[in-house]
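Encoded as structure tokens, the structure appears first; notes follow it.
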Amino acid sequence: MALVSADSRIAELLTELHQLIKQTQVKSQHPPLSDGNTGFDALSCEEERSRSEHNLVNIQKTHERMQTENKISPYYRTKLRGLYTTAKADAEAECNILRKALDKIAEIKSLLEERRIAAKIAGLYNDSEPPRKTMRRGVLMTLLQQSAMTLPLWIGKPGDKPPPLCGAIPASGDYVARPGDKVAARVKAVDGDEQWILAEVVSYSHATNKDHNPGCIQCFLPFVRRYEVDDIDEEGKERHTLSRRRVIPLPQWKANPETDPEALFQKEQLVLALYPQTTCFYRALIHAPPQRPQDDYSVLFEDTSYADGYSPPLNVAQRYVVACKEPKKK
């Protein structure tokens, strides 16, 4: 039933998203109707934008006439005030429509992820179907790349600060990753060494200690917090039970370098970055932060095979770069 309900809601959201795409900007002289419609649904966004662009052209031409006449008359002052008021209203209306559309897209993505997790829990991938074949390496790498590319860009209103898990901003102290969330997880490898891997959260337990073992320090703590995570690399097919300090949530939004540069890691900052074409995180220094929203970080991975101890610059998406709390090697 949950899967059917999710499908129904997704269909509703897609219809609403389609209407938002078709919706025109609200003209300042026409207030919304009581049912929330603007009254201009017959017009296309292209037509409304063309009208807005014509208004901007009028602003430019008015300024040119003022420069030619070398004076600012009351007429031009009044005209410009009206043109700028209309342009501001047009921009705010279009911005509101885009924000609503982005919210719908985010909700659709969340529902799709919830549906995938529900299907996994229900055993639809295990009991009712033959065992899945291990995903080919190339397919997995493509999926990881797509996940990085489709990570939403955080777009705040004027004066808003980027939230936790936007770019380099860490999660809040009480944050708990949800099932299906991707994280960097510190696990023990087959050879006994520890490494940071890309993993998916299965569950989180926040249980009290009822069974007291005098020889166990953990038993004196009021509760135990543990994550269960799956290695994203199906070749491993391993599930790990880890404490919170061994799990780092990945960013949920990309930071915009043009508006929120403070939400990005800076040059020579120590990070954990996903090495290209692998599912493991390694220590690296930021060589250059992104300059545009679609750009990746340029990082230098620690590598003793090079004379200076670092690899040549490699690109890593914002999605797969997190803070490293370990000290920098000298």
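Tabulated results
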item	result
Count of the range 60-95 residues which are in a helix (DSSP H, G or I), open to solvent by 80 Å² or more (accessible area, probe 1.4 Å) and without any contact (Cβ under 8 Å) to a residue 12 or more places away in the chain	14
Options 151, 98, 111: the member that is hydrophobic (A, V, I, L, M, F, W, C), assigned to a helix (DSSP H, G or I) and at pLDDT 85 or above	111
Among residues of the range 244-267, those that are closer than 17 Å to residue 286 by Cα, out of contact with any Pro (no Cβ under 9 Å at 6 or more places or on another chain) and assigned to a helix (DSSP H, G or I), counted	0
Selection count, the range 180-202, where residues are over 21 Å from the mean Cα position of the chain (by Cα) and open to solvent by 40 Å² or more (accessible area, probe 1.4 Å)	8
Some residue of the range 34-50 being polar (S, T, N, Q), modelled with pLDDT under 85, part of a helix (DSSP H, G or I) and open to solvent by less than 70 Å² (accessible area, probe 1.4 Å)	yes
Of all residues in the range 236-259 being in contact with a Lys or Arg (Cβ under 8 Å, 6 or more places away or on another chain) and of a type in the set (D, E, K, R), the one that is least open to solvent (accessible area, probe 1.4 Å)	254
Hits in the range 288-330 - residues which are open to solvent by 50 Å² or more (accessible area, probe 1.4 Å), over 20 Å from residue 197 (Cα atoms) and touching an Asp or Glu at 6+ places or on another chain (Cβ under 8 Å)	292, 329
Residue 267 over 25 Å from residue 200 (Cβ atoms) and surrounded by fewer than 20 Cβ atoms within 10 Å (Cβ to Cβ)	yes
Meets criteria (under 30 Å from residue 251 (Cβ atoms) and modelled with pLDDT under 85) for residue 134	yes
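The values are calculated or read from the model by the stated rules, or taken from the named source; none is laboratory data. All values derive from a computational prediction rather than experimental measurement. With ideal geometry, Cβ positions are generated from the backbone for all residues, glycine too; neighbour counts draw on all protein chains shown. The area values use the complete protein model at the heavy-atom level, side chains included, leaving out ligands, DNA and RNA. Shrake-Rupley method; radii C 1.70, N 1.55, O 1.52, S 1.80 Å.
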